[in-house]
Amino acid sequence: MASFDIQPRTRLVFGPGSSDKIAELAGSLGGRRVMVVSDAGIVDAGHFDRVASHLRSAGFEVGSFHDFAENPTSTMVDAGVAAAADFQPDLLIGLGGGSSLDCCKGMNFVFSCGGSIHDYHGVGKATTDLLPMIAVPTTAGTGSETQSFALISDAKTHVKMACGDPRAACRIAVLDPELTLTMPQSVTSLTGIDAISHALETYVTRRRNAISITYSRRAFGLLASSFARVLASPEDVEARGNMQLGASLAGMAIETSMLGAAHATANPLTARHNIVHGQAVGLMLPAVIRFNGTQHADWYMELLREIDPETASKLRTQDAPDHLADVVQEWVQSAGLATSLDELSIPSSDIGLFVEDALQQWTGTFNPIALDEDTTRALYREVA
């Protein structure tokens, strides 16, 4: 059995309307000067004003930073650190999707410890305690609220830097499914596929263990049963809540088991062609399931039993990966996402570059079957 060392660091507060408790929760951490990090879309949706109003009514001084975008870069983090230096917060709140949460964590590393975000690329490089942080996700995708990692892109190379440290974990994550009702359909699709990919990848990594398996499997059950519901009925708060919980549980699985080849092969598509992460990973995931299934069909059968025990009972174990890959492909298509490089107008002549990039990705080292040039090229060829 795989060994593990896990200490959950994040308090989860879940339920419709739970974000209305933000002032009470902030007060429990002792801060009085709160900086809220949220992107422009969150401001336009009214979420920032709502949270800031609760905080100000309770006597908090509220600062803000909004000048960043999807896939936050090192330059955006620098701008956020400058804003924090002017305001001098004693508590940070990341409000929004994964980009808001990651940018906030990235700011926390540099504001608290100095240097630049590049100094924290890797694991365990914080030099002192970070400011307490509260995560208030408005999407159900990255699971960043339950992870100690921030993903920040280098502004020049566009390479994604995973910056992780136990001290970067959020003290509190507020999961209010009502906040996800304002997500555009495209964001619901992209973040939902991202969350599903996390549950599937964490279940089969080299570092899988009793705890990660528990988180991954339950996350997959919640996500698989609710994804079609939120696409068909965006106002379904129960389904939205299941997606949020599933994404957070998958984030907890990432914390102890990491990810795999789908993310390793997706990241070069984002870096070189600016393909949105949920689209990129959704494109690669079915091919990776089939690839890993050549040696670990039993694991994918376990996941299939979680969501469709009747079908699973009629299948041979060796057929489970293909069936599950087909299910995932149907989800990707139903979400209106592309299932080939050609649909994304990406020339197959770029595959050689993608292979080089993918083999440098940290996440690929955790895939249950080692990646090499031939197998990685085959994955891209399958989706060409």
Would you say V281 is modelled with pLDDT under 95, aliphatic (A, V, I, L, M) and within 20 Å of V332 (Cα to Cα)?
no
Please verify whether region 207-217 includes one or more residues that are under 14 Å from A253 (Cα atoms), of a type outside the set (V, I, T) and open to solvent by 60 Å² or more (accessible area, probe 1.4 Å).
yes
Going by what's in this entry, would K125 be described as under 21 Å from L259 (Cα atoms), open to solvent by 10 Å² or more (accessible area, probe 1.4 Å) and not aliphatic (A, V, I, L, M)?
yes
Pick from L175, L181: which is open to solvent by 10 Å² or more (accessible area, probe 1.4 Å), aliphatic (A, V, I, L, M) and in contact (Cβ under 8 Å) with a residue 12 or more places away in the chain?
L181
If I filter region 224-245 for residues that are open to solvent by less than 10 Å² (accessible area, probe 1.4 Å) and within 19 Å of L151 (Cβ to Cβ), do I get at least one hit?
no
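For region 225-279, which residues satisfy the criterion of being assigned to a helix (DSSP H, G or I) and among the polar types (S, T, N, Q)?
S225, S226, N242, Q244, S248, T256, S257, T265, N267, T270, Q279
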Restricting to region 7-39, count the residues that are closer than 19 Å to L181 by Cβ and surrounded by fewer than 16 Cβ atoms within 10 Å (Cβ to Cβ).
4
Region 316-354, residues that are open to solvent by less than 50 Å² (accessible area, probe 1.4 Å) and either outside any helix (DSSP H, G or I) or in contact with an Asp or Glu (Cβ under 6 Å, 6 or more places away or on another chain) (or both):
A335, L337, A338, T339, S340, L341, I346
Strands (runs of 3 or more DSSP E) (entirely within region 142-189) containing at least 3 residues that are of a type outside the set (D, E, K, R) and more than 24 Å from R229 (Cα to Cα)
149-153, 160-164
When you go through (1) open to solvent by 10 Å² or more (accessible area, probe 1.4 Å); (2) touching a helix residue (DSSP H, G or I) at 6+ places or on another chain (Cβ under 9 Å) one by one for Q88, which number turns out not to apply?
(2)
Scanning region 116-152 residue by residue, those under 21 Å from R11 (Cα atoms) and charged (D, E, K, R) turn out to be D129, E145
Residue pairs qualifying under the 9 Å Cβ cut-off, at least six apart or on distinct chains, with the first in region 1-18 being closer than 23 Å to A239 by Cβ and the second being at pLDDT 80 or above and assigned to a loop (DSSP other than H, G, I, E, B), are V13/D176; F14/D176; G15/D176; P16/D176; G17/D176; S18/D176
Taking region 175-206, which residues are in contact with a Phe, Trp or Tyr (Cβ under 8 Å, 6 or more places away or on another chain) and hydrophobic (A, V, I, L, M, F, W, C)?
L175, I193, I196, A199, L200, V204
Among F4, F48, F68, which is loosely packed, with under 14 Cβ neighbours inside 10 Å and either on the phi < 0 side of the Ramachandran plot or not in a loop (DSSP other than H, G, I, E, B) (or both)?
F4
Output for region 53-72, where each listed residue is over 30 Å from I275 (Cα atoms) and touching a residue at least 12 places away in the same chain (Cβ under 8 Å)
H54, L55, S57, A58, G59, F60, E61, V62, G63
Number of the condition not met by C170 [criteria: (1) more than 18 Å from F366 (Cα to Cα); (2) at pLDDT 95 or above; (3) surrounded by fewer than 24 Cβ atoms within 10 Å (Cβ to Cβ)]:
(3)
Hits in region 93-119 (condition: open to solvent by 10 Å² or more (accessible area, probe 1.4 Å) and among the aromatic types (F, W, Y)):
F111
Against the definition (surrounded by fewer than 22 Cβ atoms within 10 Å (Cβ to Cβ) and touching a helix residue (DSSP H, G or I) at 6+ places or on another chain (Cβ under 8 Å)), how does S57 come out, yes or no?
yes
Does A280 fit the bill of being out of contact with any Lys or Arg (no Cβ under 6 Å at 6 or more places or on another chain), open to solvent by less than 10 Å² (accessible area, probe 1.4 Å) and without any contact (Cβ under 8 Å) to a residue 60 or more places away in the chain?
yes
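The values are calculated or read from the model by the stated rules, or taken from the named source; none is laboratory data. It should be emphasised that the depicted structure is a prediction, and the values quoted were computed from it without experimental measurement. Neighbour counts are summed over all protein chains in view; Cβ atoms, including those assigned to glycine, are modelled from backbone coordinates with ideal geometry. Keep in mind that these areas ignore ligands, DNA and RNA; they rest on the heavy atoms of the full protein, side chains included. Shrake-Rupley method; radii C 1.70, N 1.55, O 1.52, S 1.80 Å.
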